[in-house]
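The values are calculated or read from the model by the stated rules, or taken from the named source; none is laboratory data. Quantities reported herein were computed from a predicted structural model and do not represent experimental measurements. For neighbour counting, all protein chains shown are included, and Cβ atoms are generated from backbone atoms with ideal geometry for every residue, glycine included. Only protein heavy atoms, including side chains, enter the accessible area calculation; ligands, DNA and RNA are left aside. Shrake-Rupley method; radii C 1.70, N 1.55, O 1.52, S 1.80 Å.
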Amino acid sequence: MRIPFTHSSPVIFLAIGLIVVSTAALSFVSYHYTVGRENLAETTLVQSNIKLAQQYVDRIEQRIVDNDLILDDMIDVNEPARWPEMVEAVKAADLNVDQVYILSPDSNYPLFPSYSHEIRNQWGAFRASFNVRDLDLGRLVPDQPHHLHMERPNNYFFASYFLKETREGKPILVCYQMNFDAILGLLDRRLRDLEDRFYVSIVDFENNGIYGHPISRDSKYFFERRFPTTLYKWILQIVPRNYTELELGVRNQRRTSLFFIILSMLLIFFSLAIIYIGWRHDRQLRQLKEDFISNVSHELKTPLSLIRMFSEMLVSGRVQGESKRAEYTRVIHNESERMSRLINNLLDFAGLSRGVEQKHFERVDLGSLVANAIEAYRYEAEKAGFRMELHVEPGIPDTRADRSAVTMALFNLLDNSIKYSGDRKEVEVRVERTDGDVSLAVIDKGQGIPHSEQDKIFDQFYRGSGASVHGVRGSGIGLAITRHVARMHGGSISVESEPGEGSVFTLRIPIRPAPDDPAPAGGTPEAG
Ligand code: ADP
């Protein structure tokens, strides 16, 4: 299917632009999607860590509170006589208690144990941390566990206490001073299974490690949680054991996505560049073909109108004198020769394009072939004001060649030397033997060829800037055919040219003996 507007430049540029924009947009969205997905995974991970830490803190708190409730059941404030026995039972039970104090809010001494010289130091140390007068009794809920957690110079003080009321309505505080090592033991038992997957630590507000080593707060998946009501001076910290792997995994995933996004963008841009170059090439070719058709039409028109004009004059019988008639006939002859050369060129080119070519190799004396061609051409050249010189090195051996193809190639070179010579109308043709070749050089002193164009002039349809600037007519196939002639003989064509000084085109044809000839002895010239 052929869509008519696909050759128009704005449409092509618009299509390429749309592809570039949509590729960029797609890549942008994919990258953001990937990053978003990773962030979501990270957030989920962090949230599950938060939940876990919260769960463990709650469990430890619950354990302490459950412990407190058992303790509360073990002491009856209405039975002072049994207090020693009850306290002994508390200490004997595995309930983490170091000492029990039963206190009256308005006394400086404990109700139990009764104050004596032996307990003086112990009581002093207790009071230094737990002073009833510092408590806001009005805010305490009766029969509910309350906690006091404090830093001491060398350790920590932790106590659970209850506000109770005797039958007589007297307020009493029952206070359980906890054993530090027993509390650590409790933490250890409760946190052990968490340590399989996490680095776990408990620190105080100054980041001193109480349980395990403090964890750096810079770790990516670090999370910490304070104990809200019991061990409220302490903080639980956790970080996944494999957090570096997690981090590395996330980073690798991001890199891989980015790599594939960039790779596919590059591939798309690369393919677009190829499509664009192909399209431009196609467009140039179409332009060249269009120019070619118009150039060929013009080239045919000039000789045709001359032939017509002179033949009409001859037919009308108005031409006076034999010499004038002869001259007009010659013009008609030459112009028809020119036309036939042009048509031969076209036919040859058409055959060449279709891959059909006819070769008629035979034994040829290239020196005399060139001399004959020049003689046929001389009249036309000299009429155009050119001085033509021919130098043929003597003793050039015969070689197998296609006579008409070589003549056509030579005429193309001669035509060009005349077309592109400007005011310096000198053309020289040299036929020489160089190494194993016969070289036919056509030398002019004309406008020359810019260095940048010297590679391109042998391409089909290519016309140099000089040709278009100077309005010289041509079709851009002469040198392409000449190169083809050189190649079909196994030879070559080259150009040496300086702009403004002229050009030398050299056609080299290898010396090949005819099938029935012996090979020419190296360097020994044969009779021409
Ligand atoms: P054209 O029909 O344009 O002459 P050719 O294939 O014969 O096509 O030549 C290709 C181009 O090479 C020309 O358009 C011209 O620019 C350049 N050229 C060929 N021969 C000469 C020359 N002798 N001097 C300067 N330019 C030349």
Segment ALA89-SER104, extension gain: residue separation times 0.36 nm, minus the distance between their alpha carbons
3.2 nm
What length, rounded to one decimal in nm, is gained on full extension from ARG254 through to ILE275, with 0.36 nm per residue of separation minus their alpha-carbon distance?
4.4 nm
Multiply the residue separation of ILE16 and PHE180 by 0.36 nm, subtract the distance between their alpha-carbon atoms, and state the gained length in nm to one decimal.
51.5 nm
Going from most exposed to least, what order do MET309, MET178 have by accessible area with a 1.4 Å probe?
MET309, MET178
In square angstrom, rounded to the nearest 10, how much accessible surface does LEU304 have for a 1.4 Å probe?
90 Å²
Just to verify a number: what accessible area does ASP444 come out at with the full protein assembly present, 1.4 Å probe, Å² rounded to tens?
10 Å²
Result for the chain: accessible area per residue, probe 1.4 angstrom, in square angstrom, of 56 Å²
Which of the listed residues, GLY138, GLN284, VAL29, is farthest toward the dipole's positive end in the chain, when Lys, Arg count +1 and Asp, Glu count -1 at the beta-carbon?
GLN284
Starting from the residue with the highest accessible area, list LYS164, LYS233 in decreasing order, probe 1.4 Å.
LYS233, LYS164
Where the accessible area of the chain is counted over protein heavy atoms with a 1.4 Å probe, how much of it, in %, is carbon and sulfur?
54 percent
With DNA, RNA and ligands ignored, accessible area of ASP143 (1.4 Å probe; Å², nearest 10)
80 Å²
For region 74-178 the mean separation of alpha carbon contacts under 8 Å (6+ apart) over residue count, i.e. relative contact order in percent, is 29 percent
Give the angle, between 0 and 90 degrees and rounded to the nearest 10, that separates the Cα long axis of helix 243-316 from the longest principal axis of the Cα atoms of the chain.
20 degrees
Relative contact order computed over the chain (Cα-Cα under 8 Å; 6+ residues apart), in percent:
10 percent
Could you name the lysines whose alpha carbon sits less than 17 Å from that of LYS425, not counting residues in the same chain fewer than 8 places away?
LYS383, LYS445
Size of electric dipole in region 74-178: Cβ of Lys, Arg +1 and of Asp, Glu -1, about Cα centre, debye, nearest 20
240 debye
